[in-house]
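Since the structure comes first, as structure tokens, the remarks are kept for the end.
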Amino acid sequence: MGWTKLSLPIITAIVFTFLAFIFLLYTERITTISRFKLNCPKRISADDDRALESDSIDNPVDDILDFDPDECSVNHGKWMFNSSIKPLYTDRTCPYIDKQYSCIKNGRNDSYYLHWEWKPDDCMLPRFDPAVALRKLQGKRLMFVGDSLQRNQWISFICLVDSVIPKDKKSMKRGRVHSVFKAKEYDATIEFYWAPFLVESNTDIPIKSDPKQRIIKVDSISQRAKNWLGADILVFNTYVWWMSGLKTKALWGEFENGEEGYEELETAVSYRVALRTWANWIDSTIDPSKTKVFFTTMSPSHQKNKEWGNINGIRCFNETRPVTKKGHWGNGSNKEMMNVVASVMRRMKVPVTVLNVTQLSEYRIDAHTSIYGELQGKLLTDEQRADPLHFADCIHWCLPGVPDTWNQLLFAYL
């Protein structure tokens, strides 16, 4: 039938039906987009910052829904001072903090460093919710593997959740190599395994304080890695022990055959070989449907005060505020080593989520333990504290402190 033979009412009905159909398609498209919008990060304007801050306190789950790790670059942002922030714990309320990290208890008088929060440029970072974190860990093993900075992060995580666990529903078993905190009513463990190089070495236990005596078995990991099996979430790190300033002594084969025959390699070369050994173990052993794997990037040290413009300062001693210069990067973070990590990760079969804590930590010259920590298991003497040039610890972090933000990232990815 030709269009010319149709009556006006019929033509009108056809046109109306067509327009209605288009409207329904458009409406459905908008509805579909709105369903996925919760997973996209929100941009935050300065005017909205206070309102968002208040809302996230009242609705802690909302900002988790707003966080999309694929679209949010957490390493681009700034530290915002917020005097209303109260840490979830102190070094007096959490009994698990080593003396090495207990800055306030050890005599630090200022508390400004406790009131800074990391604000990514293009999204909201969800606040750490202890109850939600424990529910995510229900029936699971979370294991941190690495050096003393990884222990810094492990203790931080325990303290963040500790307050919501009844005293008779938790336990801690410490070992020289493997330590386990258990939240009994959640059937969950938060563990730490001491492995400063990840691969095996002659300096794990006992520790050889002289870097010249350390030999790293760059091709061997199985003896220690067998203890990581069965964990549901693995969080690795290795960096600071590599940065002695010397070439590393790398050994292939068994220590039982003696420590002779090592080769002296440039640090980045031996680091790459060791990380490949670790990556091969992950790819050949880990089932990604059962175990999530994370890698925490290098934690910066702040040894040279001239790098942030404090010509009259002494390393990180007496610093009370973060660096404000955008993109500040000091010699304590080696970009060549970071590129090695990125290169090895790209070639892995098992997905590894990188917790990029380096840039946000670079700004925090104010949050190290400085003269309020330990040296070889003992608190600094008054004479040592009076000599920060030689005794200030500008590597490790006070707790509460910066590692809480690292765990805030981990919580967001979980």
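Ranked from highest to lowest mean number of other Cβ atoms within 10 Å per residue, what is the order of the peptides 104-110, 298-304? Mind dumping the intermediate values first?
Numbers: 104-110: 14.4, 298-304: 22.3.
So the peptides 104-110, 298-304, ranked by packing, come out 298-304, 104-110.
Shape verdict for the range 67-203, please, from the Cα gyration tensor: rounded (a/c under 1.5), prolate (a/b greater than b/c) or oblate. Please report the intermediate quantities before stating the final value.
Values: a/c = 1.33, a/b = 1.28, b/c = 1.04.
Rounded, since a/c falls under 1.5.
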The lysines whose Cα lies under 18 Å from the Cα of residue 78, excluding any fewer than 8 residues away in the same chain, are 42, 119, 325, 326
Sticking with the crude label model, points 7 Å out along Cα→Cβ, report the distance from residue 212 to residue 247 in nm, one decimal please.
1.5
Between the modelled labels at residue 68 and residue 219 (7 Å from Cα along Cα→Cβ) the distance in nm is 4.6
Euclidean distance between Cα centres, the range 378-414 to the range 256-333, Å:
16
Give, as ranges by residue number, the residues of the range 309-333 whose backbone N falls under 19 Å from the point 7 Å along Cα→Cβ of residue 389.
309-319
Taking R0 as 45 Å, what's the FRET efficiency between residue 266 and residue 86 from their Cβ-Cβ distance, rounded to 0.05?
0.45
Across the range 245-364, what fraction of all alpha-carbon pairs, as a whole percent, falls in each successive 5 Å bin from zero upward?
2, 9, 15, 16, 14, 14, 13, 9, 6, 3, 0
Looking only at the range 56-215, where both bridge partners belong to it, what percent of the DSSP beta bridges are antiparallel (to the nearest 5)?
70
Virtual spin-label span in nm between residue 109 and residue 172, 7 Å along Cα→Cβ:
2.9
For a bin width of 5 Å, list the pair-distance distribution of the range 351-414 built from all Cα-Cα distances, rounded to whole %.
4, 16, 22, 18, 14, 11, 8, 4, 2, 0
Going 7 Å from the Cα of residue 331 toward and past its Cβ, which residues in the range 384-414 have a backbone nitrogen under 20 Å from where you end up?
388-396
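Rounded, prolate or oblate: which one fits the range 102-144, using the alpha carbon gyration tensor with axes a ≥ b ≥ c (rounded when a/c is under 1.5, else prolate when a/b beats b/c, else oblate)?
It comes out oblate by the Cα gyration axes.
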Name the lysines eligible as straight-distance cross-link partners of residue 208: C-alpha to C-alpha under 20 Å, and not fewer than 8 places from it in the same chain.
217, 247, 249, 378
Starting with the highest mean, order 184-194, 240-250, 358-368 by the number of other Cβ atoms within 10 Å, averaged over the residues of each peptide.
358-368, 184-194, 240-250
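Could you sort the peptides 87-93, 143-149 by per-residue average Cβ neighbour count (10 Å cutoff), highest mean leading?
Values: 87-93: 17.1, 143-149: 23.7.
My ranking of the peptides, most packed first, is 143-149, 87-93.
Read-outs throughout are calculated quantities, based only on the coordinates presented, and are distinct from any laboratory measurement. The structure presented is a predicted model; accordingly, all values stated were derived computationally and were not measured. Note: ideal-geometry Cβ built from the backbone for every residue, glycine included; neighbour counts use all protein chains shown.
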